[in-house]
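J.: First the structure, which I've put down as structure tokens, then a few questions once you've had a look.
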Amino acid sequence: IPGVAAIRPPFFENEWGVYATPAVHSRLGRVYVGLGGRGVITEQDKTPFIRALDWETLEDAWPTRIGADNVSRYTTASPPLYTSSEVGLSSPAVVNDVVFMSTNKAALYAFDAATGLCLWTASDLPTGRFALGPAIYSDYVVMGAGRSVYIYKLPST
């Protein structure tokens, strides 16, 4: 529809933004949402592939700092945020105070739900493949990348 979204290259409707369902952490009162686009985040140094928001105010819930360019960035989640043009096309998943987020790199990250600190990164995923998921089942985190399904065991709590 003209006027709603540009309809000619290089811009198309639904080019960037939220592509999947947010995840909720009810005890912390937070909403986690993946940010993406059809290829890359064009301003990787300003835009994270996941946002952590206070569910009442929708303000950033992880610690931030305003840079010299007047852009607010997460401080504890960098890296991996702001260091590549990864996009978060899938829904995040929350379990045991950890937020799991997959990206198009293909990558899977585990962030501390309260602080945003990156706790773990999957190291055996194929490069250049989209990673979809993650899903939580019992003591496992499951995600797909390329033609494969990857299953990781959660640590005991």
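The values are calculated or read from the model by the stated rules, or taken from the named source; none is laboratory data. All values reported here derive from a predicted model rather than from experimental measurement. Note that each Cβ is placed from the backbone with ideal geometry, even for glycine, and that neighbours are counted across all protein chains shown. Note: accessible area is taken over every heavy atom of the protein model, side chains too, but ligands, DNA and RNA are not part of it. Shrake-Rupley method; radii C 1.70, N 1.55, O 1.52, S 1.80 Å.
J.: Can you tell which of Tyr137, Tyr82 is open to solvent by 10 Å² or more (accessible area, probe 1.4 Å) and under 18 Å from Gly36 (Cβ atoms)?
T.: From the options Tyr137, Tyr82, the qualifying one is Tyr82.
J.: Being under 14 Å from Ala113 (Cα atoms) and surrounded by fewer than 19 Cβ atoms within 10 Å (Cβ to Cβ) is the filter here; which residues of the range 19-30 pass it?
T.: Just the residues of the range 19-30 that are under 14 Å from Ala113 (Cα atoms), to begin with: 22-30.
Residues satisfying the conditions are Pro22, Val24, Ser26, Arg27, Leu28, Gly29.
To keep it simple, each residue is scored yes or no on (1) modelled with pLDDT of 95 or more; (2) closer than 18 Å to Ala23 by Cβ; (3) surrounded by fewer than 16 Cβ atoms within 10 Å (Cβ to Cβ); (4) not small (Gly, Ala, Ser).
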| site | (1), (2), (3), (4) |
| --- | --- |
| Glu56 | yes, yes, yes, yes |
| Ala61 | yes, yes, no, no |
| Val87 | no, yes, no, yes |
| Ser90 | no, yes, no, no |
| Ala93 | yes, yes, no, no |
| Val99 | yes, yes, no, yes |
| Ser102 | no, yes, no, no |
| Ala145 | no, no, no, no |
| Pro155 | no, no, yes, yes |
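J.: Another question, if that's okay. So, restricting to strands (runs of 3 or more DSSP E) that lie completely within the range 41-157, which ones have at least 1 residues that are among the aromatic types (Phe, Trp, Tyr)?
T.: 72-74, 98-103, 107-112, 118-121, 131-137, 140-145, 148-153
J.: What residue, among those in the range 105-134 that are of a type in the set (D, E, K, R) and surrounded by fewer than 18 Cβ atoms within 10 Å (Cβ to Cβ), is farthest from Phe49 (Cα to Cα)?
T.: Within the range 105-134, the match that is farthest from Phe49 (Cα to Cα) is Asp124.
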